[in-house]
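Asks: Please find one structure pasted underneath; my questions will follow.
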Amino acid sequence: MITELDPLALLLKLYFENGCTRMSLKSCLIGYLSSVFTPLLATQGPFTYQAGHVGGFFMNNNQVIEKARKYFNSRAPFTLTVGGEPIIIITSATDVAEVWKSTQTFSMDPISKDMWRWVGVSTSHIDPMFEPQPEARYWRDAGLKKALSPVEMLMELHRRQLYGGASGRLEVFMRERLGPELETSFSSLKNVAVEVNGGSHPALLAKESAYITVSLFKLSCDLNIRGLTTAYFGPVIYKLQSEILEHFLVWEYTNWKYLYQVPGAFSRDMLAAKKALVDAFTGYFEMEESERGEMVYFVKECEELFKEMGLSTREMGGIMMLHYWAMIGNIYKISFWLLSHLLLSPDSASLISTIRNETAPALSPTNSHQINAERLTPEQCPTLHALFNEVLRLTVTSSLGRVATTDTVVGGKTVRKGTKVLIPFRELHYNPSAFGPAPERLSPNRFNDNPKLAKSSNFRPWGGGNHLCPGRFLAWQLIATNVALLVGNWDLDVLRQEGAGGRKGRMDQPNGFPKGDEGRPSPGVTPVAEGEDLFVKLMKRERGMTGVGS
């Protein structure tokens, strides 16, 4: 039996956190007994392995999957039976590619429909949103030659907003919407550092005569969550919900309760955050367009599609909340993890110096907080891009689900219609046959030393198939801009780590790296564990100056 976290501890924690009634405590005990006495079985061919109990799967499914795969000593598909329901686990890159290609056989629609229903979209509207609409205007007005379902059209709108070149609007979005937000944040930091009454900044912790101290986590949130929120929806969104960023962070740490549909008595924090976000976007769609300011292409076209499909403003708000989650929920974590690795790597000084030189041509010669993001290409910034890919490899450890729409065969195994299939990215990204004998360790130059890894079938940070993440180009541009503006304008030094429960320590001590919450189910990038942070000393850097990491 595998080592697992005690489900009783989880349920009692939920009980006391939510101030539950006696009836809720009874529910806690029933849930505990169900978890303890319901075995979690892994089967492969004639072999069966008791991989623990259901509670262990919900607390850390990656750990359960890894134990089962090692038990079978094979990357052939195997079945986990969770609460009586079979789930096919795919860990071979070849089999994963087969699933991606079989877009008609393996569908995400049943999972997406559940998520839409959970944010208040009516059943009568859900099914038409997932079916092609031959008579609709939305795809004709977009110049398409084939009718797409509204859901497929939403993905197409993301691509048109976030792709570069002639087919997209990324460059304009970065230059006119997002770039000014980043400039504002970094200019605010500069004012705090060099002026006596320089105001404040959300990430500021302390100010000394020669430097300022910032929270790296809060800086990552300000640059990426606040920056993207304002870029997409404008300042008006804060008039509708002044604490939208705070609600989003609560949602980030509680959305596992949404994914697992934890009963409401145990999910009050998640439900409150969800309501606040849906309310904000509902209010946005209830406003006159003239009151919102200039709208970005994606939001404007989404609204037109929603109206054509007859959705209420509440349904529009719910769907936009899910897209907001997808658009915002990973980049700030990538930023935090990449900067943490950059600052704490044994080769930190050399890495910072190289990346500073790679990104310097993108900085404006007249305003150090303006940047030409189009000059931050992977080709022009090979060291930064290699680090970016390596951090993605290490931190994208979640799983993607699909449902078989018909009986099919994968990896020599028959998958029956209606069966759920789970693709755990950690099994791909930590495969030693693809990434070497120590795949759990950061190697900043791994992708430079072997450029073919970026196209390896084991490297899937953006998913695959018709759901390949359309935000991958934005993610690179935004992270590269964050790094360029930070290392180009500041010398940096880590003061200490701040950990959960008041744990502190110098970064040269064992276990000094910030901890991720690998047990918390979360789409995409590993969450930063609550309370984890880096306190970073920033010293203003003049152009051409030499110093730490110069």
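Asks: Looking only at Cα atoms, what is the convex hull volume of the stretch 95-202 per residue, in Å³?
Replies: 216
Asks: Separate question: Karplus couplings for the stretch 168-178 from phi (6.51 cos²θ - 1.76 cosθ + 1.60, θ = phi - 60°), rounded to Hz, Gly and Pro as x?
Replies: x, 10, 4, 4, 5, 4, 5, 6, 9, 10, 7
Asks: What lysines does Lys190 reach when the alpha-carbon gap must be under 19 Å and sequence neighbours fewer than 8 apart in one chain are set aside?
Replies: Lys207, Lys218, Lys537, Lys540
Asks: Can you list residues from other chains, or at least 5 along the same chain, whose modelled amide H is less than 5 Å from the amide H of Phe106?
Replies: It is Thr405, by chain and number.
Asks: Same structure, new question: Check cross-link reach from Lys239 to the lysines: straight Cα distance under 17 Å, and skip same-chain residues fewer than eight apart.
Replies: Lys275
Asks: Can I ask one more? Take Trp490, Trp325 and sort them by solvent-accessible surface of the protein heavy atoms, 1.4 Å probe, largest at the top.
Replies: Descending order: Trp325, Trp490.
Asks: Based on alpha-carbon centroids, what's the gap between the stretch 199-252 and the stretch 325-353 in Å, whole number please?
Replies: Cα centroid of the stretch 199-252 versus Cα centroid of the stretch 325-353: 17 Å apart.
Asks: Please work out the Cα convex hull volume for the stretch 196-296 and give it in Å³ per residue.
Replies: In the stretch 196-296, the Cα hull volume divided by residue count equals 136 Å³.
Asks: Given the stretch 148-252 reduced to its alpha-carbon atoms as identical point scatterers, what log10 I(q)/I(0) does the Debye formula return at q = 0.12, 0.21, 0.23 Å⁻¹?
Replies: Reported log10 I(q)/I(0), two decimals: -0.55, -1.16, -1.24.
Asks: I would also like to ask the following. Out of every Cα pair in the stretch 234-342, what percent are spaced more than 23 Å from each other?
Replies: Of all Cα-Cα pairs in the stretch 234-342, 35 percent lie more than 23 Å apart.
Asks: Let me check something: with ligands and nucleic acids excluded, how do Glu427, Glu301 order by accessible area (1.4 Å probe), largest to smallest?
Replies: Result, largest first: Glu301, Glu427.
Asks: Taking R0 as 25 Å, what FRET efficiency do you get between Asn445 and Met539 from their Cβ-Cβ distance, rounded to the nearest 0.05?
Replies: 0.40
Asks: I'd like the distance between the alpha-carbon centres of the stretch 400-445 and the stretch 74-121, rounded to an integer number of Å.
Replies: With the stretch 400-445 and the stretch 74-121 each reduced to a Cα centre, they are spaced 10 Å.
Asks: Which value, in Å to one decimal place, does the Kirkwood hydrodynamic radius take for the stretch 356-498 when every pair of different Cα atoms is included?
Replies: Roughly 17.7 Å, rounded to one decimal.
Asks: Evaluate the stretch 221-278: find the radius of gyration of its Cα atoms, find its Kirkwood radius, and give the ratio Rg to Rh.
Replies: Answer for the stretch 221-278: 1.03.
The values are calculated or read from the model by the stated rules, or taken from the named source; none is laboratory data. Values in this document were obtained by computation on a predicted structure and should not be read as measured data. Neighbour counts are summed over all protein chains in view; Cβ atoms, including those assigned to glycine, are modelled from backbone coordinates with ideal geometry. These accessible areas exclude ligands, DNA and RNA; they are computed on the full protein's heavy atoms, side chains included. Shrake-Rupley method; radii C 1.70, N 1.55, O 1.52, S 1.80 Å.
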